[in-house]
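I have placed the structure first, in the form of structure tokens, so that the comments after it can refer back to it.
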Amino acid sequence: MTGRRVAIIGAGAVGASAAYALALSGTCHEIILYDIVPDIAIGKAIDIAQATNYSPRGTIVKAAIKPEEIKNCDVVVITAGVPRRKEMTRADLLNINAGIVKEVSENIKKYSPDATILCVSNPLDVMTYVVQKITGWDRHRIVGMSGALDGSRMAYQIYQKTGFGAAQTRAIVIGEHGEHMIPYPEITNVGGIPLTQLLSKEDIEEIVEKTKNGGAEIVKHLKTSAFYAPGRAISAMIESILSDEDKVISSCAILDGEYGYKDVAIGVPCVLGSTGIKKIIELDLDEKTKKKFDEAVKAIKENIAILEDGGFFDK
Ligand SMILES: NC(=O)c1ccc[n+]([C@@H]2O[C@H](COP(=O)([O-])OP(=O)(O)OC[C@H]3O[C@@H](n4cnc5c(N)ncnc54)[C@H](O)[C@@H]3O)[C@@H](O)[C@H]2O)c1
């Protein structure tokens, strides 16, 4: 089998978990791990490669020591960066991670010019925007991972309330991957049944709050951010892209007129297939949600402006 070559830049907790989830499913022909610290990439590649012995389909897992070894990949995942620690907000990570994402994007552009890029580094929406600006690629080839994880966190909270329908929940989260996240209970369902018909208003409000704090809750216990659920969310997105499944997955996309906005990256429902984002689905937002969406765009644009004002895109 040719093709299906995936590189993961940043072999830390999230990058390695994504590689592990992909290796277990046999989705890829080849997974290449790269990290600025070569021993991390080498050690994790060996460990994950040895786990594939029991997979349904073989996957080659190897480490790249130099960026030029990330050649001709179909999908490149960016998980390089500094994780959020308890005392940090995602915005605190802005300047450090923007520099890292810029360097990584320049290498992807050079060595994997036909790839779809899946950005994971935080603050996610701004970093996805940075990838597009640095590569200059068609916006549909740049996808950010946000709603895939936030939706699975919302589904978890729903199960905590209902006690049924665990893997049947389709929870939609749009907006910023951060404080301005918008869990959308009105269009969420459990086995096709609208959430609003299953739970009380109070229960739903609690679910929304817990979903928004889903990342922080894990940081509180682990003193570091989550990795298993992010890794699985990344692998689900890659499966849809590599297998051209055209699944609808909330993802961070660069808007060009959709939802009334341009030149900003934000979470919206997307159809993910072989060419990346094949379609952005424009929801008919109710007034309350539209207001939240506008606030999310404003917050993301403010962060982009911090980079612009510091001359980040001119260097
Ligand atoms: N989008 C999401 O939903 C989501 C979820 C969880 C984590 N994250 C983000 O993902 C990123 C990774 O998180 P983590 O927990 O795996 O962190 P981590 O510290 O475990 O791993 C990051 C890795 O990146 C490497 N790295 C740093 N600079 C690099 C460079 N220039 N080139 C290559 N590798 C480099 C580090 O050596 C490290 O191994 C963070 O920015 C985190 O905030 C996003």
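Which of the helices (runs of 4 or more DSSP H) found entirely inside the stretch 7-122 contain at least 2 residues meeting this: within 10 Å of the ligand (Cβ to nearest atom), within 20 Å of the chain's Cα centre (by Cα) and over 27 Å from ILE249 (Cβ atoms)?
Fully inside the stretch 7-122 and qualifying: 94-111.
Go through LYS220, LYS161 for me and flag whichever is over 22 Å from LEU283 (Cα atoms) and in contact with an Asp or Glu (Cβ under 7 Å, 6 or more places away or on another chain).
That would be LYS161, the only listed residue that is over 22 Å from LEU283 (Cα atoms) and in contact with an Asp or Glu (Cβ under 7 Å, 6 or more places away or on another chain).
If I filter the stretch 164-200 down to residues being aliphatic (A, V, I, L, M), touching a residue at least 60 places away in the same chain (Cβ under 8 Å) and under 19 Å from GLU217 (Cβ atoms), which single residue comes out as surrounded by the most Cβ atoms within 10 Å (Cβ to Cβ)?
VAL173
Being among the charged types (D, E, K, R) and either surrounded by 22 or more Cβ atoms within 10 Å (Cβ to Cβ) or within 26 Å of ALA299 (Cα to Cα) (or both) is the filter here; which residues of the stretch 224-260 pass it?
ASP256, GLU258
With the stretch 131-189 as the region, which strands (runs of 3 or more DSSP E) entirely inside it contain at least 2 residues that are over 15 Å from the mean Cα position of the chain (by Cα)?
Those strands (runs of 3 or more DSSP E) span 181-183.
Does SER243 fit the bill of being over 30 Å from GLN160 (Cβ atoms) and of a type in the set (Gly, Ala, Ser)?
For SER243, the condition - over 30 Å from GLN160 (Cβ atoms) and of a type in the set (Gly, Ala, Ser) - is met.
Is it the case, given these coordinates, that MET145 is near the ligand (Cβ under 9 Å from one of its atoms) and free of Cβ contacts under 8 Å to residues at least 60 places away in the same chain?
Answer is no for this residue.
Taking only the stretch 261-277 into account, find how many residues are in contact (Cβ under 8 Å) with a residue 60 or more places away in the chain and surrounded by 15 or more Cβ atoms within 10 Å (Cβ to Cβ).
The total comes to 10.
Examine the stretch 122-139 for a residue that is in contact with a Lys or Arg (Cβ under 9 Å, 6 or more places away or on another chain) and surrounded by fewer than 17 Cβ atoms within 10 Å (Cβ to Cβ), and state whether such a residue exists.
yes
What tally of residues in the stretch 251-295 results from selecting those that are over 17 Å from CYS119 (Cβ atoms) and not hydroxyl-bearing (Ser, Thr, Tyr)?
Residues that pass the stated criteria total 24.
Quick check on GLY151: is it within 9 Å of the ligand (Cβ to nearest atom) and either crowded, with 24+ Cβ neighbours inside 10 Å or within 20 Å of MET181 (Cβ to Cβ) (or both)?
no
In the stretch 219-315, which strands (runs of 3 or more DSSP E) lie fully inside it and hold 2 or more residues that are within 16 Å of the ligand (Cβ to nearest atom)?
Counting at least 2 such residues, we get 247-256, 262-273.
All of the numbers you see were taken from the coordinates with simple rules; none came from a lab. Source: prediction; values computed, not measured. Note that each Cβ is placed from the backbone with ideal geometry, even for glycine, and that neighbours are counted across all protein chains shown.
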